[in-house]
Amino acid sequence: MPFGLKTAIGLACAAALAGAAQAAEPDITGIWRMVRPAEVVDPIQRTPPIPPPALTPAYAERVAAEQKARKAAEAEGRPFARDRELCVPDGMPKMMTTDLVIEILQTPGQVTLITEFMSQTRRIRLGTAHPPPEDLQPTFFGDSVGHWEGDVLVVDTVGFKERTRLFDEVPHSDRMRIGERFRLIAPDLLEDEITVTDPVVLEKPWVVRRVFMRRPDLRINEFVCTENNRNYMDADGRLATRLP
């Protein structure tokens, strides 16, 4: 076979493979809302309850003490202030448990997620790496990088503010890492399998599954938490309200 023909065939095959790989990436752009039990019949397509974490002994004791103190404060009618009541964003991974809608924008080199709740925004950069640890500034949403493995978007997130909380108000350390696998389990059903690892807080990875339904009939609305918010935290850490 002439060299030129071999080269042409090779280039055509490479282009075909590249096109097939690109075609394997699904379009997840749209407005999504967490699936509610009455909306689907198949239990695989439902969002299951969040399983309890396997906490290390030290953190199991800490979390139990915090929960006991919180319940006592609520019984007194003077609950402790939580970040949500102070208009502090959930951050990752808690933002992915919202009951309000999430908008996903899939663009070249990036997937952007915006929640209606508090207008939280996270950006997943594709085909790149995290900055060096010395250049990584802790944030509420962390530094997310991702890549496509066929029809699965694989995401790795590091670099979180220690102020943020995990599911069920569980704390974390500066060694926390979050992995995610996004995939369409049906044309308009998106699964996000979230795996939280933290050798200081967790004895084993904490895996939480979220399922979202694409809702083109909905739109994401403006949510400005600080507007007319009267809540604040007093000197004792209790929730207080400013009088009008």
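The values are calculated or read from the model by the stated rules, or taken from the named source; none is laboratory data. These numbers were taken from a predicted model, which means no experiment stands behind them. Methodologically, a virtual Cβ is constructed for each residue, glycine included, from the backbone with ideal geometry; neighbour enumeration extends over all protein chains shown.
Quick notes
- Exactly one residue among I178, I194 is buried (at least 20 other Cβ atoms within 10 Å of the Cβ), modelled with pLDDT of 95 or more and more than 23 Å from R36 (Cβ to Cβ), and that residue is I178.
- Within region 144-173, the set of residues being without any contact (Cβ under 8 Å) to a residue 40 or more places away in the chain and in a loop (DSSP other than H, G, I, E, B) comprises G159, E162, H172, S173.
- If only residues of region 209-227 that are part of a loop (DSSP other than H, G, I, E, B) and either β-branched (V, I, T) or surrounded by 20 or more Cβ atoms within 10 Å (Cβ to Cβ) (or both) are counted, the one that is farthest from the chain's Cα centre (by Cα) is T226.
- Pairs are defined by a Cβ separation below 9 Å, a sequence spacing of at least 6 or placement on different chains, a first member in region 118-140 that is free of Cβ contacts under 8 Å to residues at least 12 places away in the same chain, and a second member that is surrounded by 10 or more Cβ atoms within 10 Å (Cβ to Cβ); the pairs so defined are P133/V158; P133/G159.
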